[in-house]
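Asks: One structure follows; several queries about it will come next.
Every number in this text was worked out from the coordinates using simple rules, so none of it is lab data. Here the structure is a predicted model, which is why all the values come from computation and not from measurement. Cβ sites come from the backbone with ideal geometry, for glycine too, and all protein chains shown count toward neighbours.
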Amino acid sequence: QVQLVESGGGLVQAGGSLRLSCSASGRTFSIYDMGWFRQAPGKEREFVAAISRTGGTTYYSHSVKGRFTISRDNAKNTVALQMNSLQHDDTAVYYCAAGSGRPPTVVTGVGSWGQGTQVTVSS
């Protein structure tokens, strides 16, 4: 399995931006479709964005499309999530995810999880 470590979370005002990064180790990163999920207090973990192995195809949830951008650098074994125009409802723990054979757009399609990083958006 691949090991994932997120960084870049923090506190930001509404309308601001944050960039999350996820570093992978343990196996060849480029064989994995990658994604980001988030979980707010009292809510289920939900899909945010995903990217194919080569980076050629991206997927976004309706709630973040147009504001968030997922990217990857296979040479550096990293995947990033650029978050712009942040809203209070974006407050959550964000998790990096490696797909189990397909782009991880649902929780059941994830093979490996990171430990999560907190994003708090103040209104």
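Asks: Which whole-Hz couplings ³J(HN,Hα) result when phi for each residue of segment 85-91 is put into the Karplus expression 6.51 cos²θ - 1.76 cosθ + 1.60, θ = phi - 60°, listed in order with x for Gly and Pro?
Replies: These are the phi-based 3J(HN,Hα) values: 6, 5, 10, 4, 5, 7, 4 Hz.
Asks: Within segment 1-76, which GluC sites (Glu not before Pro) sit in a loop by DSSP and count at most 14 neighbouring Cβ atoms inside 10 Å?
Replies: Glu44
Asks: Thinking of segment 58-108 as a set of Cα atoms, what percent of all their pairs are more than 14 Å apart?
Replies: Details: 781 of 1275 pairs.
Of the Cα pairs, 61 percent sit more than 14 Å apart.
Asks: Once fully extended, how much extra length lies between Ala14 and Ser85, figured as 0.36 nm per residue of separation less the alpha-carbon to alpha-carbon distance? Before the final figure, lay out the partial values.
Replies: Details: separation 71, 0.36 × 71 = 25.56 nm, distance 0.70 nm.
The Ala14-Ser85 span can extend by a further 24.9 nm.
Asks: Still on this structure, I have one more. Percent antiparallel among DSSP beta bridges with both residues in the chain, to the nearest 5?
Replies: On the way: 37 of 42 bridges.
For the chain, the DSSP antiparallel bridge percentage is about 90.
Asks: Which of the three applies to the chain, rounded, prolate or oblate, going by the alpha-carbon gyration tensor with a ≥ b ≥ c and a/c under 1.5 meaning rounded? Display every interim value, and only then the final one.
Replies: Details: a/c = 1.68, a/b = 1.62, b/c = 1.04.
Prolate.
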